[in-house]
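The values are calculated or read from the model by the stated rules, or taken from the named source; none is laboratory data. The structure presented is a predicted model; accordingly, all values stated were derived computationally and were not measured. Note: ideal-geometry Cβ built from the backbone for every residue, glycine included; neighbour counts use all protein chains shown.
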Amino acid sequence: MSDLTPLQKTLLDWFEENRRDLPWRKRYDPYEVWISEVILQQTQMDRGVQYIERFLERFPTMESLAEADEEEVLKLWEGLGYYARARNLLLAARQMVAEHGGTFPEDVQTARALPGVGRYTAGAVLSQAYNQEEPIVDANVERVLSRLFDVDAPIKSSQAQSFLWETARSLIPKGRAREFNQAIMEFGNLICGKKPSCMLCPLTEQCEAHYLGIVDHRPVPAERRPAVPVEVASGVLVHKGYIFIQKRPEDGVWPGLWEFPGGNVEKGETPAECVVREFMEELEWDVETAEKIAIIRHGYTTFKVTLSAFLLRFKDEHEGWPEPVLHAATEGQWVSFAELGKYTFPAGHRKLIDMIARDMRYAWFV
DNA sequence: CAGTCGTGGTG
DNA sequence: TCACCAAGACT
């Protein structure tokens, strides 16, 4: 421990003083670390922590998760996005119970063979749970290292990435990977953030970007394509007080989530015409719009979506329950409004449900 | 390897 | 209001 570089010592000392209480830091249990890391992928800490606590409360062990239903895992995931993570989590848990004695693998190759475990997550779990000297590079580490070493290549370029991973590996002090990896991430989160607090930083004297006065220009972001505007329309079909929902396919956007049927508004078509057409194409049902419920704006990945939502009814009288011919879903279901809470919806449709619940116009079926 | 995969916080 | 982006993985 005597041969720490100033950089290593400063980060470790800073972490000693400033480490936050986070869910997996009580025991560094491999299962808890793994769950936490997957939830935190592309997710901000403050938001992710709440999901971590709920998830670990419901599924405290590898075995309990392996026995879970996908529907329940998805429900816990609702609102987090990137829903393939949830299904991969379940698949990996079952794989670990079946093949690895219910524990997270202790070597990188085996760990990375698990669905949803990439370079970052493998290093994060192995270093934090087992104190193995495996590096990690996330957005926090990218900020810290790109500023300390003035990385001028675009941060996502293969050049920059190979430098970052090599550097991250070389910086790990012998026997202290658990502390150091967390230290550099926590530092990147609390001090060397998007808007860095250089006034509070104990590393300014070793920071090339600070010396050059270009901290705000590091890291160099990847050029980003502008979000494409998309207009969609969805319909809440009410029949005898019940609402029709369908389950999305296992691939593509929102895999395995439930939704109100609908689709993209084509050129020369109104949103209302779109919904009617979509119900015919997706379900072979002849419906008509009763009224417009709301317009909801939300974005996902490369799109910014304007969602027009309509209340629908069947065009013709129906004695019983018409059978849908599913063309865009794996399952269909008639449910009461109260039962909608048990299903997992994309954020935009969840917003729609909340709006309906609060609108007195719809008290008759809510 | 560049595109896909969400969402809410933030300035 | 809006662009940027976060403890990335997969194809």
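Overview of results
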quantity	calculated
Residue in the stretch A:308-326 that is within 16 Å of DNA strand B (Cβ to nearest atom) and part of a strand (DSSP E or B) present	yes
Of residues in the stretch A:190-210 being aliphatic (A, V, I, L, M) and assigned to a helix (DSSP H, G or I), the one nearest to DNA strand B (Cβ to nearest atom)	A:Leu190
Residue in the stretch A:333-349 that is more than 26 Å from A:Glu71 (Cα to Cα), away from DNA strand B (no atom under 16 Å from the Cβ), of a type in the set (D, E, K, R) and assigned by TED's automatic domain parsing to the domain that holds A:His239 present	no
Residues being surrounded by 13 or more Cβ atoms within 10 Å (Cβ to Cβ) and acidic (Asp, Glu) - total across the stretch A:8-52	4
Complete set of residues in the stretch A:158-189 that are within 16 Å of DNA strand C (Cβ to nearest atom), in contact (Cβ under 8 Å) with a residue 24 or more places away in the chain and surrounded by fewer than 17 Cβ atoms within 10 Å (Cβ to Cβ)	A:Arg169
Output for the stretch A:57-73, where each listed residue is more than 23 Å from A:Arg112 (Cβ to Cβ), in a helix (DSSP H, G or I), in contact with a helix residue (DSSP H, G or I) (Cβ under 9 Å, 6 or more places away or on another chain) and free of Cβ contacts under 8 Å to residues at least 40 places away in the same chain	A:Arg58, A:Ser64, A:Glu72
Filter result for A:Ala209 (crowded, with 19+ Cβ neighbours inside 10 Å and either more than 21 Å from A:Thr302 (Cα to Cα) or within 16 Å of DNA strand C (Cβ to nearest atom) (or both))	yes
Helices (runs of 4 or more DSSP H) (entirely within the stretch A:75-186) containing at least 2 residues that are within 28 Å of A:Cys201 (Cα to Cα)	A:119-130, A:139-148, A:158-171
Of all residues in the stretch A:172-189 being under 20 Å from A:Lys26 (Cβ atoms) and aliphatic (A, V, I, L, M), the one that is nearest to DNA strand B (Cβ to nearest atom)	A:Met185
Scope the stretch A:128-158; condition out of contact with any Asp or Glu (no Cβ under 9 Å at 6 or more places or on another chain), of a type outside the set (A, V, I, L, M) and within 16 Å of DNA strand B (Cβ to nearest atom); matching residues	A:Asp138, A:Glu142, A:Arg143, A:Ser157, A:Ser158
Hits in the stretch A:296-317 - residues which are more than 11 Å from DNA strand C (Cβ to nearest atom) and exposed (fewer than 12 other Cβ atoms within 10 Å of the Cβ)	A:Asp316, A:Glu317
Filter result for the condition that a residue is surrounded by 17 or more Cβ atoms within 10 Å (Cβ to Cβ), among the aromatic types (Phe, Trp, Tyr) and within 15 Å of DNA strand C (Cβ to nearest atom), over A:Tyr83, A:Tyr130	A:Tyr83
